[in-house]
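Everything below concerns the one structure shown next.
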Amino acid sequence: MANLSLKSDNFCTLSPTTSSHPSIFSCNSRKFHFLRLLPHERCLQYRVSCGIKEKENVKESEIVPKVLTGLRVDELKQKSSITETELRNGFDWNWPPWRNIPERYKLIGTTSLAFVICNMDKVNLSVAIIPMSHQFGWNASVAGLVQSSFFWGYALSQLPGGWLAKTFGGRKVLEMGVLTWSLATAIVPFLAGFMPGLILTRILVGIGEGVSPSAATDLIARSIPLEERSRAVAIVFGGLSFGSVTGLLLAPPLIQNLGWESVFYIFGLLGIGWFLGFQFLKDGQAFSTTESMPSSQSVYEEKPWTLVDLGGSLKEVPWKAFFQSRAVWAMIYAHFCGSWGHYTCLSWIPTYFSEELSLNLTEAAWVSILPPLASLFVTSIASQFADNLIANGVETTTVRKICQTIAFLSPAVCMTLSSVDLGLPPWEVVGILTTGLALSSFALSGLYCTHQDMSREYASVLLGITNTVGAVPGIIGVALTGYLLDTTHSWSISLFAPSIFFYLTGTMVWLAFASSKPQNFSVKD
């Protein structure tokens, strides 16, 4: 390609017309490749074909005339409708600001925001349960029953959520889940004095939130490449930690100024607002799950489904192959063990800090945000650590085992130090527990990536299976903690000892049987 210097005697200007027909000029029949009008992304781009002969000395007869003829200009692309006035004045319209963000990043961002609201609606009861118990005269056993009712719906919705995500697409399942749990949260104050009604609302919240992890897993598995997967999982599921922090920060002042009912009204409305905004975003900027990964194309047929179709879809899932895999059983048990420590601490840590440190509601909530706040920091480190190891050629299974081992042994050690009477000041105990619970976030780069690693097609179903078992500690563990607390009056026995046991046994099973190798569960996979 010749180096071309445009001078006054060979410069060509094009009229900034918005006509869809290409302009025709004349020139010799060689190539002048590319010309772009106005140095901005929003401008029209043209392919210019003309003749310019590359020679040391150009004869006078070969000089390009002042008015080029025979020049063919092909419009390559037009990103938006631009008026002639805008072209002349050079207006820079770049709105909305997220217009040029890759579609998979929009997908991850909105899903993470849904998870923020998810945990806000989960932890609001752990703070509101204190004034509610005083108002309605509940003891620790009743309070534990109310809090554990969430996990009944959470457990029941895991497998259906995974199957629905595979059948209809994670996007649709996610939006319906958000709407369900948000409406159920908003009506809690109306039924709080009627125990069956209160338990029913919390079950509905659990059902709505229960389908969301499988929906998110389906989206990540089908749209995010392996070398970005740890970060994608960290961002999406890290929204849970951010939601815990936000909920624990907002709930106390709202309760003190507006009453405990306000946290359910306001947090419920946030979820409804997300649902409405998501509908607008879908209509204006439809997500493309194939943008960066054509090989993982996910197509959900837009057709009416009959009961026969749904039944056939359910039968196509290779359930037997799942339960014949030792790696799947390792995921199931690891999920159970991790959930025991996570759910019991999430539900009881504000009460623990309040009773052990004699803090008021606001102070206890402020201290309670330290573990999820530290988890946000740890999650970013863990995801980069895991993705860098995989990018440098370390076997994926090895990376997942390393991350999950850190996630289990760290809180086990810290809980042991907290439960043994070492004469530590209360604030040092807070620091130890915060460190251990924060390091458990390495599981987002361990267990929670393994479902996608094993099977993109069935990732949501696999998470539905493991998360069903993982929800059992929420049902049993949270209520059992309250019962043991009433019986023994010992936080070490009721809260820490069971978690330590499951963390240690979970580590052994994970190291022995876990695998991230792609599995041929069916012919289609």
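Here, each number is a calculation from the coordinates, and none is a lab measurement. All values reported here derive from a predicted model rather than from experimental measurement. Here the Cβ is made from the backbone with ideal geometry for all residues, glycine too, and neighbour counts use every protein chain on show.
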Length gain on complete extension for the stretch ILE381 to PHE513, per 0.36 nm per residue less the alpha carbon to alpha carbon distance? 44.9 nm
With a 26 Å threshold on alpha-carbon distance, the violating pairs from LYS106/LYS172; LYS166/LYS320; LYS122/LYS172; LYS122/LYS401 are LYS122/LYS401
Here the FRET efficiency for SER490 versus TYR265, based on Cβ atoms and R0 = 41 Å and rounded to 0.05, is 0.65
With Cβ to Cβ distances under 13 Å as the rule, what net charge do the other residues near SER148 carry (K, R +1; D, E -1)? +2
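When the Kirkwood radius is taken over all Cα pairs of the range 350-486, what Stokes-Einstein diffusion coefficient follows at 10 °C and 1.306 mPa s, in µm²/s?
It diffuses with D of about 94 µm²/s by this estimate.
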On a full-extension model of 0.36 nm per residue, what is the gain between LEU258 and PHE136, subtracting their alpha-carbon distance, rounded to one decimal in nm? 42.1 nm
Mind ordering 213-225, 192-204, 124-136, 141-153 by average Cβ neighbours within 10 Å, highest first? 213-225, 141-153, 124-136, 192-204
Spin-label pair LYS320/ILE101, simplified geometry with 7 Å Cα→Cβ offset, distance in nm: 4.6
Dividing the convex hull volume of the Cα atoms of the range 151-267 by its residue count, what figure in Å³ per residue is obtained? 98
